[in-house]
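Peer 1: Input: one structure, supplied below.
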Amino acid sequence: MKRLSAVILLLAASLVVFGQGTAPRMTSVTPDTGKADAEYTIAGENLDKNQVKEVFLTLGSQEIKVAIVTQKADAITVKVPVDVKPGRYGLMILNADCTMYIEQPVKITIE
């Protein structure tokens with residue numbers, strides 16, 4: 001019985017360790033409110049060029065591609081286009097192999 005419990009515990013621990021993928025994840029944006037034609041820094045993890053190809057602002061079904069200025073594993077700096085209308089936008093990424101769009105739990109307000 002003790003061996004079975006130990007095996008189950010080891011199996012569960014290995015699933016936790018190996019099950020954590022390297023999916024890009026955005027955690028915050030600085031500043032979180034600003035104007036169009038400005039730069040914003042998005043913090044998170046797995047945000048380097050090997051993971052993220054493009055970044056978009058989303059509002060309903062509208063998707064607006066933003067320019068990536070700098071990109072590191074823990075942060076991406078983007079520039080919002082000059083013609084973006086005011087609103088509260090979500091962030092979405094296109095992964096590096098162009099197979100998946102991933103909505104992020106981060107919002108930015110353009111005034």
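Values quoted throughout were computed directly from the atomic coordinates according to the rules given, and no laboratory measurement underlies them. Bear in mind that the values here come from a model prediction, so they are computed numbers and not experimental data. Cβ coordinates were reconstructed from backbone atoms using ideal geometry, including for glycine residues, and neighbour counts include every protein chain displayed.
Peer 1: For region 45-60, give me each residue that is in contact (Cβ under 8 Å) with a residue 12 or more places away in the chain and on the phi > 0 side of the Ramachandran plot.
Peer 2: Matches in region 45-60: 46 only.
Peer 1: Can you tell me which residues in region 66-79 are closer than 14 Å to residue 108 by Cα and out of contact with any Leu (no Cβ under 7 Å at 6 or more places or on another chain)?
Peer 2: If the condition is that a residue be closer than 14 Å to residue 108 by Cα and out of contact with any Leu (no Cβ under 7 Å at 6 or more places or on another chain), then 77, 78, 79 are the ones that fit.
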